[in-house]
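As structure tokens, the structure follows; a few thoughts come after it.
Every read-out reported here was derived from the displayed coordinates using simple, explicitly stated rules and does not represent laboratory data. Nothing here was measured: the structure is a model prediction, and the numbers come from that model. For neighbour counting, all protein chains shown are included, and Cβ atoms are generated from backbone atoms with ideal geometry for every residue, glycine included.
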Amino acid sequence: MYTTYTVAQLGEVLAGYRRAGDRVALVPTMGNLHAGHMALVERARELAERVVVSVYVNPTQFGPGEDFEDYPRTFEADRERLLAAGADVLFAPSTAEMYPDGPTAVTVSVDRVTEGLCGAGRPGHFDGVATIVTKLLCAARPDCAVFGKKDYQQWVVVRRLARNLLLDVAIEAAPVVREADGLALSSRNAYLDPAERRTAPCLYRSLREAVRAAGAGGRNPRELEGQAWRLLEECGLEPEYVEVRRRDDLAEVTDLGGPRVLLAAAHLGGTRLIDNLEFGPSDGTLEE
Ligand code: PAF
């Protein structure tokens, strides 16, 4: 596995792959790799002959007072995991490399799908994500890039970005990876103390319970959201948002008549957790 630190080094390695006719898949990460990230690498290996994983904690997607400084940085362990998983290239750029004229020189902004949900609670977050993802796609020019559905809104944002910047790249997704008790894997789970860790699976449980109840009769998205909200509060989580949206483009909905996703963010102590659940008639979770 090559470890590259500059766009120029990365370009040289990738040029060799392309000359050999190999396709390239990119997996963008902020490091602190866990089984959720490794599922993205696995998916990338299915999609292309060569897999590039970027590890870069992107400052522009963190707001003031968020956890940029504390975000876990575990570079050596990440490198070992990627080596064992058969990644071909680790790209670990510096901030000078990714933002040569500073963090505000160029910003990529995506409309509509960044409004509401995490976009409301984290102003500027998706500008930071869209900007760094665009830069990584420009640096690697991959055939495809793989994102986790855990960050569902991010995945929709990146699809809209690639489509509207006319980028010749397929944006692929991998399903959420969960602990045995249902908690979605996230680097931020490391912030939970043992008692909070025992409470945290309630987030996913509440989403499932509310969707199950909707399937059993309630047909109103607002009722479904209200029930999930109450369940979260009952187990000591502080909901930030709980919303049913159309799956494709996260449009607001007034019925449950098609592919839907229930998305939520909730606070537990000082930790912000997010999760989501796709549902709808086509998934068998609601009647046709
Ligand atoms: O999902 C993440 O880890 C980050 O938002 C990403 C896509 C690597 C951009 O920094």
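Taking the 0 to 90 degree range and rounding to the nearest ten, how far is the long axis of helix 152-164 tilted relative to the main principal axis of the chain, both from C-alpha atoms?
Helix 152-164 sits roughly 50 degrees off the main axis of the chain.
Given 0.36 nm per residue, what is the gain on full extension from Thr6 to Asn220 after removing their alpha carbon distance, in nm?
Fully extending the segment from Thr6 to Asn220 adds 71.9 nm.
Output the lone cysteines of the chain: those with no second cysteine's C-beta under 4.7 Å from their C-beta.
Flagged as lacking a Cys partner: Cys118, Cys138, Cys144.
Between Arg230 and Asp67, what is the label-point separation in nm under the 7 Å Cα-to-beta-carbon projection?
Here the answer is 3.1 nm between the modelled labels.
Is there a quick way to get the dipole size of segment 215-280? I mean about its Cα centre, with the Cβ of Lys and Arg at +1 and of Asp and Glu at -1; what is the value in debye to the nearest 20?
Around 140 debye, computed over segment 215-280.
If amide hydrogens are placed 1.01 Å from N in the peptide plane, which non-local residues have theirs closer than 5 Å to the one on Ala174?
Here Phe147, Gly148, Lys149 satisfy the definition.
Can you report the principal axis dimensions of segment 55-129 using only the alpha carbons, biggest first, rounded to whole angstrom?
39, 29, 24
How far is the Cα center of segment 1-72 from the Cα center of segment 145-198, in Å?
14
Given an 8 Å cut-off on Cα distances and at least 6 residues of separation, report the relative contact order of segment 1-146 as a percent.
With pairs under 8 Å counted, the relative contact order is 37 percent.
Label points 7 Å out from Cα along the Cβ direction at Thr74 and Ser94: separation in nm?
Here the modelled spin labels are 2.6 nm apart.
At R0 = 41 Å, how high is the FRET efficiency between Ala15 and Arg246 if r is their beta carbon distance? Nearest 0.05 is fine.
In this case the efficiency is close to 0.50.
Starting at the first residue of segment 179-189, write each ³J(HN,Hα) from the Karplus equation 6.51 cos²θ - 1.76 cosθ + 1.60 with θ = phi - 60°, in whole Hz, x for Gly and Pro.
Per residue, the Karplus-derived 3J(HN,Hα) values read 5, 4, 8, x, 5, 5, 5, 7, 4, 6, 4 Hz.
So how do 1-8, 34-41, 68-75 stack up, highest first, on mean other-Cβ count within 10 Å?
Ranked by mean Cβ neighbours within 10 Å, highest first: 34-41, 1-8, 68-75.
Please give the length that would be gained between Cys138 and Asp168 if that part of the chain were fully extended, namely 0.36 nm times their separation in residues minus their C-alpha to C-alpha distance (nm, one decimal).
So the chain would gain 9.7 nm between Cys138 and Asp168.
Helix 221-234 versus the longest principal axis of the chain: what is the Cα-based angle in degrees, 0 to 90, to the nearest 10?
With rounding to tens, the tilt is 90 degrees.
Running a GNM on the chain with Cα contacts under 10 Å, which residue among Ala170, Ala210, Ala84 ends up with the highest mean-square fluctuation?
Ala84
What percent antiparallel are the DSSP beta bridges of the chain, to the nearest 5?
In the chain, DSSP labels about 50 percent of beta bridges as antiparallel.
For a distance above 22 Å, tell me the whole-number percent of Cα pairs in the chain that qualify.
When all Cα pairs of the chain are counted, 60 percent exceed 22 Å.
In terms of the Cα gyration tensor, with a ≥ b ≥ c the square roots of its eigenvalues, is segment 160-288 rounded because a/c is under 1.5, prolate because a/b exceeds b/c, or oblate?
oblate
Can you tell me how much longer the chain between Ser282 and Asp181 gets when fully stretched, taken as 0.36 nm per residue apart minus their C-alpha distance, in nm with one decimal?
This chain segment gains 33.8 nm when fully extended.
When the helix-only estimate is applied to the chain (DSSP H runs of n ≥ 4, each -39,500 (n - 2.57), divided by the residue count), what is the mean residue ellipticity at 222 nm, nearest 500 deg cm²/dmol?
After summing the helix terms and dividing by residue count, I get -11500 deg cm²/dmol.
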